[in-house]
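Everything on this sheet refers to the single structure shown next.
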Amino acid sequence: MITNLLFRYHQIRLQSELICEPLEPEDYVVQPIVDVSPPKWHLGHTTWFFEQMLLVPFMPDYKLFHPEYNYVFNSYYETVGNRVLRTNRGNLSKPSVVDIYSYRKYVDKCMKDFIENINLSTELLNIIEIGLQHEQQHQELLYYDIKYILGNNPLFPKYREESNNKNLSSATPLGFLDVSEGIYKVGHNSDGFCFDNEKGHHSVFLHDYIIGDRLITNAEFLEFIQDGGYQDFRHWYSEAWEWVKTNDKKAPFHWHNMDGVWYNYTMHGLKKVNLDTPVAHVSQFEAAAFAKWKGMRLPTEFEWEVACGIHQPSIPVSANLSDMDTFEPIQPTEGNYQFYGDLWEWTSSAYTAYPYYEAPEGALGEYNGKFMTNQMVLKGGSYATPRNHIRPTYRNFFHPHLNWQFTGIRLAKHV
Ligand SMILES: [Fe+2]
């Protein structure tokens, strides 16, 4: 078991570094908006997590790599002390990228000693698992942030070259799946890992509804744009309409109109918008406005989870998983994910506690619970999501105006 754990630890830690491999030193440092953290900060913060949650409290005679790193790499844990302002993460030239890779090496060596020599209780194994899952969450954030950093540059540099083995296909006609009225169980109910916010397997009542059998494509979203969707207040929530006007929104994030033609920034540089792939980089405001324009709405998180449980095996992959964003996806390694795994799908559900939710004691209690206000739930997983994070009960959450993440739209409606 220890050998397996060590292997997994090293694989996951290595993956974060592989994601950063195509970057130049300067790419690691910038923070164009508050939500985008410098890649070097992610590499340091995920390392800090292991140091602060395991090595400091549980490793006898552990020596900190650097006394100030707790201040630099603490993200939001009040329990663990003061920290650098989030907006200042990109203003720090030190620690350097080289320093942070040394920090990773040091903590990895100590974690190896820790895993090999400490008697690992269930509690400690659980914290190690959370550290690994946390690092994987940051791997996805690294993709979002790298894409923002490069796509924000007027030269539109590529993250990496496009691979040739694309499986191009056209989008299937949009169909809808029926779900009957009834009482359904939702929430996590197995021995596998889940975050605390998924616990609390409970019943919900759903009325009859239909739900899209795939995500909305760029072609379908273009119709909304061309129909003046961004200029018509009737489609938008009040807060969303303010956001459209304040930010002069005319299209999804990463889209650019050049001489009347729509392009979007992809991990392989600027490309003409592919009409057959799912529309990505929409905020929940845009997703809800599009749905309203269509005479429909977004599914609730429970409608999504129940539909996924019922229909997942028979649903075709949305338009073009392998061509998504013309960015090579991580291939599924287990199962055959069809209802999810290309883009995170916005729901109309506010991110709140399930019945009987209890935040864990101590710093880890700050992981999820304290964000349960003013954010919306997303379901599924994106092509940048580590495959073993994709499960029907996973509850991702973001503020509704954010759109630099890999997000998409699935429609629903009562019948
Ligand atoms: Fe984090």
Net charge (Lys, Arg +1; Asp, Glu -1) of residues whose beta-carbon lies under 15 Å from that of Ala353, Ala353 excluded, is -2
Please work out the FRET efficiency for the pair Ser180 and Asn388, using the Cβ-Cβ distance as r and a Förster radius of 41 Å; give the result to the nearest 0.05.
-> 0.85
Roughly speaking, what is the stretch gain from Lys245 to His202, that is 0.36 nm per residue apart minus the C-alpha to C-alpha distance, in nm to one decimal?
-> 11.4 nm
Rounded to whole Hz and in sequence order, give me ³J(HN,Hα) for the range 199-210 from the Karplus expression 6.51 cos²θ - 1.76 cosθ + 1.60, θ = phi - 60°, writing x for Gly and Pro.
-> 6, x, 4, 8, 8, 9, 9, 10, 7, 3, 8, 10
Considering every pair of different Cα atoms, what Kirkwood radius, in Å, is found for the range 367-410?
-> 11.6 Å
Using the Cα centre as the reference, give the magnitude of the dipole from point charges on the C-beta atoms of the range 2-151 (Lys, Arg: +1; Asp, Glu: -1; all else neutral), rounded to the nearest 20 debye.
-> 160 debye
Scanning the chain for trypsin sites (Lys or Arg not before Pro) in DSSP loops with at most 15 other Cβ atoms within 10 Å, what's the longest stretch left with none?
-> 251-415
Å³ per residue enclosed by the Cα convex hull of the chain = 148 Å³
Within the under-13-Å Cβ sphere about Glu78, not counting Glu78, Lys/Arg +1 and Asp/Glu -1 give a net charge of +1
Tell me which residues come under 5 Å, amide H to amide H, from Tyr351 once H is placed; ignore anything under 5 positions away on its chain.
-> Gln375, Met376, Val377
Report the FRET efficiency, 1/(1 + (r/R0)^6), for Leu270 and Asn117, where r is their Cβ-Cβ distance and R0 is 60 Å, rounded to 0.05.
-> 0.70
Inter-centroid distance (Cα atoms) of the range 242-292 relative to the range 355-415, Å | 22 Å
Normalise the Cα radius of gyration of the range 2-151 by 2.2 N^0.38 Å (N = residues in it) and let me know the number.
-> 1.02
GluC sites (Glu not before Pro), loop per DSSP, at most 12 other Cβ atoms within 10 Å - longest free stretch of the chain = 182-333
What does the charge count near Val415 come to, summing +1 for each Lys or Arg and -1 for each Asp or Glu among other residues with Cβ under 11 Å from its Cβ?
-> -2
Which loop chymotrypsin sites (Phe, Trp or Tyr not before Pro) in the range 15-51, with loop taken from DSSP, have no more than 12 other Cβ atoms within 10 angstrom of their Cβ?
-> none
Place +1 on the Cβ of every Lys and Arg and -1 on the Cβ of every Asp and Glu in the range 176-414, take the dipole about the Cα centre, and give the residue among Ile210, Ala280, Tyr237 whose Cα lies farthest towards its positive end.
-> Tyr237
So how strong a dipole does the chain carry about its Cα centre when Lys and Arg Cβ are +1 and Asp and Glu Cβ are -1, to the nearest 20 debye?
-> 380 debye
If you place +1 on the Cβ of every Lys and Arg, -1 on the Cβ of every Asp and Glu, and leave all else neutral, what size is the dipole of the range 174-254 about its Cα centre, to the nearest 20 Debye?
-> 180 debye
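Taken together, the values in this text are just the output of simple stated rules run on the coordinates, not laboratory data. Please read these numbers as outputs of a predicted model, since none were measured by experiment. Heads up, the Cβs are rebuilt from the backbone with ideal geometry, glycines too, and the neighbour counts pull from every protein chain shown.
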